[in-house]
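*Asks:* Shown below is the structure under consideration.
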Amino acid sequence: MPHLSRRDFLAIAGTGVASVWLTASTDDVIAAARHAQTAQKFEYLTAADAAELEAFAEQIVPTDETPGAREGRVVYFMDKALATFAKDDRDNVAKGIKELRARAAKMQPGAKSFAELPSEKQIAIMKAMEKARHPFFEDARQATITGLLALPEYGGNYNKIGWKWIGFDDRFSWAAPFGWYDRDV
Amino acid sequence: MSDHTHPRLAPLQQATVQYRPDDEVDFVIVGSGAAGGVVAKELSTAGFRVVVLEQGPWRTEADFVHDELKVFRESLLTNDWNVSPNTFRKTAKEKAKQQPCLAYGRGVGGTSVHFSANFWRFKEIDFKEASVKGTIAGTGFTDWPITYQDLEPYYTKVDWEIGVAGAPGPYDPPRSRPYPMPPHPPKSMGVLLEAGAKKMGWKAFPAPMAIASRPYQGRSACVQCGFCLGFGCEVRGKSSSLVTVIPVAVATKKCEIRPNSYVRKIETNDKGRVTGVKYFDAEKKEIFQRAKAVVVCANGAETPRLLLNSKSNLFPQGLANASGLVGTHLMFNGAGNSVGVFEHEVNGYKGIVATRIVWDLYEVDNKLGLVGGGGFDYRFDPTPAQSAGNLPPKSPTWGREFKKLMAHNYNRTVNCFGHTSSLPVPTNTISLDPTVKDAWGIPAIRMTFEDHPQDLKLYKHFAEKGEELLKASGAVQAWQQPVESTNFSVHLLGTCRMGNDPRTSVVDKYNRAHDVKNLFVVDGSSLVTCGRGQPTMTIQALAFRAGENIAKFAKQHDI
């Protein structure tokens, strides 16, 4: 996978930023983000569709001993994105959610949603979609990671859960010592 | 003039002198970046009336946010591919496809606003490597028409007028004055590089950086925010031309900075002299600014594009292009990279990009049969949202194990940047796309590029050596990044090369176009060879030298 060398510092698609979800106008994003932080309702997604995306995201970065994508409110990042700068992706997302439901019903006859399935079945469906290179899988995986690690004003990374996950402190102002190896310098 | 005693203390955006388009100013400078800012300062302080036309906006600290989505996906500080498309192909046998292939700073200060500020002088060998090591068939590998000694006084000007922090290293070329500022603290990554270098029998030394390590000339010292590469500096610690030479130029009251002015053509008369430039203002209205002379500093892609677009009866293959070389010999520098994970926290995200550097492979062993070489530094590339791309090969990309790995690795990862030379190949070019146009109707930049086979071997050598170095530093896990011919660059070099012979170069050794007496070109396009990875200091030294000489020629009525 390409890493961010100075030669390809803008080749960010493929390194965790969803290439199709994030071609945005700055004003749209800021306005959406400000609304996102207090919003409990969804601007674009239906509750049912949001539940599907949240279940998917929760398997990408699960809740275990520490918070995951659910607590990080990644689904609100996705909702805000689809309501504003990622309008062009609504069709692909709708198709992806439909696919999740179809595979859920096939795996567990009578199931009305992906979200209601037990975890192992959700993971099995996602692995199958990943193997089949279904475009929704990679887009939604990247959007989950991005939503969790971008600035909270975009709707995700609630309470800086994402930054705490990886150990990033947004102080933006540091002095020596920076890490363990220069502690004695 | 403001109340402040130093021009650099003034607000970044100010009312500047304003010239009317029909006023024949002494110089129009196209581009306000690393080179354009320096030339503007040199010419305006010499007393000339100067208009700087910058295609992007004039930003201030308030615009320099730490928002990776705005910066990398929305091109906040750089060319926006939605309105300024690129096309790319490997060779001229293919049709170029529309895809992003280059990025440069689009705004006052140019790329110097968001660069990593890694900053060093070329060494003596860089200017004469072809005659020392031999030319290479199929390339334009040749000596510069100037030597390191010719440029040394101007490197020194850059040190002091732009502001560079560093300390003497074991392989330094000669210098006439010391660094104006001491080096930045080493960070954990610097300590690790020193340890690894020692084991390899190499010598790590402080990386020279164009970032204030102390308050300097009215600017704040760096606060080590960790968001240098790609981002603007909100404390003016990074020594961009926006916060150094541009304010000095503006304070002369002879230099107008005219942002949102996209130059589309340089006009000439029937005597083969430049008469001014046509540009689009912020409302896309076309305006003609008259000038006695023009200096093009638009970067190594936009400069040849502008010259190629400035055809006329006297210049049917583009302005200053009698040699046919405008746009050719495109170079990027090269890289052989590796990644390592360490036992304890390195916290690479804190602080400036690189603090220690190793140059023992500046000229690789002759036994390898390769020309060129480079160096190593340890850095940490990804901002948080990009960090998933920095995990070891074959790592899980989602789920429980992925989550644990991200938590463990983010603060323990080091990216070893093996930066190298790359060869000037005449078929690697910037040209005008025959069909795709930008939002102003101007033919898009088409890049034709394939790395020379010997360069790919060089990059691979550096990836291997870098992995070895990381292990010598104590990495518990290390791996190489794949090496392949590139299709994207931020170093845009070589496309209007300097030389004594008008048949084999575009500009002479004072950056004057061979074919056009009152046209000068100085930016990354001027470079004959590309050095070992950091061209900006050399671009700025050339700009100081060109600026001084252009002023002299003008005073002698030799333009």
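*Asks:* If you count, for every residue in B:398-408, the Cβ atoms of partner chains within 10 Å of its Cβ, what is the mean?
*Replies:* Counting other chains' Cβ atoms within 10 Å and averaging over B:398-408 gives 6.
*Asks:* Starting from region B:327-418, pick out the GluC sites (Glu not before Pro) whose DSSP state is loop and whose Cβ has at most 12 other Cβ atoms within 10 Å.
*Replies:* B:Glu343
*Asks:* Another question about this same structure. Run the simple label-point estimate for B:Ala10 and B:Thr504 please: 7 Å along Cα→C-beta, distance reported in nm.
*Replies:* Between B:Ala10 and B:Thr504, the simple spin-label model gives 4.6 nm.
*Asks:* Restricting to DSSP loop positions (anything but H, G, I, E, B) with no more than 16 other Cβ atoms inside 10 Å of their own Cβ, which trypsin sites (Lys or Arg not before Pro) remain in region B:61-161?
*Replies:* Sites meeting the loop and neighbour criteria: B:Lys90, B:Lys93, B:Lys95.
*Asks:* Mind checking the mean number of beta-carbon atoms from other chains within 10 Å of the Cβ atoms in B:61-71?
*Replies:* 4
*Asks:* A further question on this structure: Would you kindly state how much longer the chain becomes between B:Lys90 and B:Gln477 on full extension, computed as 0.36 nm times their sequence separation minus their alpha carbon distance, in nm to one decimal?
*Replies:* Full extension from B:Lys90 to B:Gln477 adds 135.9 nm.
*Asks:* Need one value for B:167-178: mean number of C-beta atoms belonging to other chains within 10 Å of its residues' C-beta atoms.
*Replies:* Whole-number average of other-chain Cβ neighbours for B:167-178 is 0.
*Asks:* Something else now. Of all trypsin sites (Lys or Arg not before Pro) in region B:490-553, which ones are in loop regions per DSSP and have a Cβ with at most 14 other Cβ atoms within 10 Å?
*Replies:* B:Arg503
*Asks:* Return the percentage of antiparallel bridges among DSSP beta bridges fully within the protein assembly as shown, rounded to the nearest 5 %.
*Replies:* Taking every DSSP beta bridge with both residues in the protein assembly as shown, the antiparallel ones total about 65 percent.
*Asks:* Next question. Return one number: the angle in degrees, 0 to 90 and rounded to the nearest 10, between the long axis of the Cα atoms of helix B:34-45 and the longest principal axis of the Cα atoms of chain B.
*Replies:* It works out to around 40 degrees.
*Asks:* Would you mind computing, in nm to one decimal, how far apart the modelled labels at B:Lys285 and B:Lys517 are, each placed 7 Å from Cα along Cα→Cβ?
*Replies:* Reported label-point gap for B:Lys285 and B:Lys517 is 3.5 nm.
*Asks:* Give me a comma-separated list of calculated 3J(HN,Hα) values for region B:303-316, in order, Karplus coefficients 6.51, -1.76, 1.60 applied at θ = phi - 60°, integers in Hz, x for any Gly or Pro.
*Replies:* Listing the rounded values in order: 5, x, 4, 5, 5, 5, 7, 9, 5, 7, 4, 6, 10, x Hz.
*Asks:* Rounding to the nearest 10 and keeping the result within 0 to 90°, find how far the Cα-based axis of helix B:187-200 lies from the longest principal axis of chain B.
*Replies:* Value to nearest ten degrees: 70.
*Asks:* Moving on to the next point. Separation between the A:Thr63 and B:Glu124 pseudo-spin-labels, each 7 Å from Cα along Cα→Cβ, expressed in nm?
*Replies:* Placing both labels 7 Å along Cα→Cβ, they lie 6.8 nm apart.
*Asks:* Now a separate question. Within region B:372-386, which residues have the backbone N less than 12 Å from the label spot 7 Å out from A:Val185 along Cα→beta-carbon, could you tell me?
*Replies:* B:378-379
*Asks:* Another one. Out of all DSSP beta bridges in chain B, what portion is antiparallel? Express it as a percent rounded to 5.
*Replies:* Taking every DSSP beta bridge within chain B, about 65 percent pair in antiparallel fashion.
*Asks:* Counting chymotrypsin sites (Phe, Trp or Tyr not before Pro) as exposed when in a DSSP loop with at most 16 other beta carbons within 10 Å, what is the longest stretch of chain B free of them?
*Replies:* It runs B:172-439.
*Asks:* Take the alpha carbon atoms of region B:135-188, find their center, do the same for region B:43-76, and report the distance between the two centers in whole angstrom.
*Replies:* 26 Å
*Asks:* Report, to the nearest 10°, how far helix B:124-133 tilts away from the longest principal axis of the Cα atoms in chain B, using its own Cα long axis and a range of 0 to 90°.
*Replies:* 80 degrees
Since every read-out is calculated from the coordinates, none of them should be taken as a lab result. Quick caveat, the model's predicted, so the values are computed rather than measured. Note: ideal-geometry Cβ built from the backbone for every residue, glycine included; neighbour counts use all protein chains shown.
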